[in-house]
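Quick notes on the structure that follows.
The values are calculated or read from the model by the stated rules, or taken from the named source; none is laboratory data. Being a predicted model, the structure only gives us computed values, none of them experimental. No Cβ is skipped: glycine too gets one built from the backbone with ideal geometry, and neighbour counts run over all protein chains shown. The protein model used for the area step is the full one, side chains on, heavy atoms only, and it has no ligands, DNA or RNA in it. Shrake-Rupley method; radii C 1.70, N 1.55, O 1.52, S 1.80 Å.
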Amino acid sequence: MPRHPQALALAVLPCVFMFTPGLAIAASPASPSAQCIECHSKTTPSIVSDWKLSKHSQSDIGCVVCHGDQHTSAQDVAKVKIPTPDTCADCHADQVAQYKKGKHAIAWAAMKAMPTIHWQPMAMIEGEKGCGGCHKIGMKTTAEIAELRHGGAAFGSAACDSCHTRHTFSVEEAKQPQACESCHMGFDHPQWEMYSSSKHGVRNELKNLKVLPANASAPTCQTCHMQDGNHEVRTAWGFLAVRLPLPEDKQWAADRAAILQALGVLDPDGKPTALVDTVKAADLARLTQEDWQRERDKMIKTCNQCHSGNFASQQLQMGDDMVRNADHLMAEAIRIVAGLYKDGVLEKPKNYAYPFPNLLTFHDAPTVVEQKLFVMYLEHRMRTFQGTFHGSNDYALWYGWSEMQRDLTEIKELSESMRRSRAAGARASTN
């Protein structure tokens, strides 16, 4: 062993180069990924530079581990393997197992289950320029992945890269609330806008600006919805704030039943439809009190890190109360439209299974009053309860509750106008 410091450094340097994470590819031209690096440094250089920043690179996880070794030139691009969550599970088994139990995993199936989804432009769905752009985070069958093949590659099948952006796949990035922003914003779920305007979001921004110290409490989306890094991402009320069993409060039970009828989960007699089995199989909603309570207890435990348990329970109870109040307005509006079907004022669309408005047809509902009902449900009811739970006062009141009140007034007026027109038409035909 050389004793002179310079000689020692020269002797050790080759070993450091070979075994330092991130340098192995450069030190090993024969590596299976070396050819990928050489070519893609020219064709898609940012992919390579992002990969070099990643822990994958530092751990010598090269291109072929995720993409296979069949694609070796521009002539065989179709042979490249596009990763799926199961690819990630080879190394991240716990995280993928958690993800598969949560709501993100069913996002693609939930989108494809919408009754008029096939009416939308293909670019919006399989092209991922609308619904599919966010719902791609969900698991897909082999057949569905085949549908996504464009130019020989199944883009949109990875899912994990929705939050851990390729090819850095950064954990730190995925821990930031901005990782949720691109999907959880806008019309029906503006959680980003609610969070960023809440005291939680403001404190996080001030912390990032170094106005608040680094150890100041500033909850992010992940703090509350991914406790201890759990990738399930579940909540007590679920996305649409509908659950079973029905509450003991008779009025609320009747109101929630009306909403479930308009979602096709209950038939006009209040009996479960076949859709209940689908919801149960996919774990789309909390269907037992125990399931609901388990998620509520997890949230209270999280809140208790900064607040007293009594305060946390009280605040969440207020969210429950806003769900109840919003359900009452929503149910009244649903019954008005259902009454138009019943009395023959409004023709029930042939693709509706029951004489109840179908809230899941969205903008494809055939009349103005039915579309107003969909907006009331998916935009304004969502904002009412989500704004409350996220501590966003403006969204809870002005963008939520107030809009629901105005929606109901408009639906009542539209209904009366339609009934008057029908009555006038009937009188004219008898004269």
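One table, with the values for the structure above:
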quantity: Nearest-ten-degree value, helix 34-43 long axis tilted from longest Cα axis of the chain; calculated: 60
quantity: Order by protection proxy (mean Cβ within 10 Å, highest first), peptides 210-218, 164-172; calculated: 164-172, 210-218
quantity: Val171 versus Cys306: modelled label distance in nm, points set 7 Å from Cα along the beta carbon direction; calculated: 2.3
quantity: Packing-based ranking, highest mean first, of 231-237, 405-411 given that Cβ atoms within 10 Å are counted; calculated: 231-237, 405-411
quantity: Accessible surface ranking that places the most exposed of Ser54, Ser46, Ser196 first, with a 1.4 angstrom probe; calculated: Ser46, Ser196, Ser54
quantity: Solvent exposure of segment 266-408 as accessible area per residue, Å², 1.4 Å probe; calculated: 49
quantity: Peptide ranges 344-351, 381-388, 132-139 listed from the most packed, as the mean C-beta count within 10 angstrom indicates; calculated: 381-388, 132-139, 344-351
quantity: Relative contact order (%) - criterion: Cα under 8 Å, at least six apart; region: the chain; calculated: 12
quantity: Hull volume in cubic angstrom per residue (convex hull over the Cα atoms of the chain); calculated: 192
quantity: Centroid-to-centroid separation of segment 398-431 and segment 331-394 [C-alpha atoms, Å]; calculated: 14
quantity: Paramagnetic label zone (point 7 Å from Cα along Cα-to-C-beta, Arg149; backbone N under 17 Å) in segment 113-138; calculated: 126-127
quantity: From phi via Karplus (6.51, -1.76, 1.60), per-residue ³J(HN,Hα) for segment 55-62 in Hz, x at Gly/Pro; calculated: 5, 4, 4, 4, 9, 6, 8, x
